[in-house]
Amino acid sequence: AMAAAAAGAAVLAEETAHGLLGRLRGMGPVPGLDELGAVQGLLDRNQQIIAEINRNHLADSTEALQANDRLILEMDQNMKQMVGHYNAVTVQVLSAAGCDYPQPQPQPPHHHVPGLGPDAGCGRT
């Protein structure tokens, strides 16, 4: 029952995200929209990867578990790409708001990106 509820929640979240992107596309130019679409594609792919990893785990064969190594690496790359897309969204939104913001340099995951954080802002009041 919990698995069915979790699956239902995941479908609802996916439909909500896709519906929101669709509505935003109908509004005209929205800063970062293409980047958010790319993030959604990566999230969708990661959801497929997680399902495949679970199937491989249940299969409990050497080949299936080795395949999980490749899948986990792909998910890791996808998450790194998402960080880049979110950085680009930040720059695009701040630029649209008239903020002078330098292009962030690519950072390894789990590191603070200078200029991004609770104290970041464009100096406007």
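Each value in this text was obtained by applying a stated rule to the coordinates, not by laboratory testing. Being a predicted model, the structure only gives us computed values, none of them experimental. Heads up, the Cβs are rebuilt from the backbone with ideal geometry, glycines too, and the neighbour counts pull from every protein chain shown.
Need one number: nm distance between label points at residue 50 and residue 93, each 7 Å from Cα along Cα→Cβ, rounded to one decimal.
2.2
For the pair residue 33 and residue 79, how long in nm is the line joining their label points, each one 7 Å along Cα→Cβ?
Between residue 33 and residue 79, the simple spin-label model gives 3.0 nm.
Which order, highest average first, do 65-72, 54-61 follow once you tally other Cβ atoms within 10 Å for each residue and take the mean per peptide?
Working: 65-72: 13.1, 54-61: 11.5.
Order by mean packing, descending: 65-72, 54-61.
So what J values fall out for region 82-87 if you push phi through Karplus, 6.51 cos²θ - 1.76 cosθ + 1.60 with θ = phi - 60°, rounded to Hz, Gly and Pro as x?
Coupling constants for region 82-87: 4, 4, x, 5, 5, 4 Hz.
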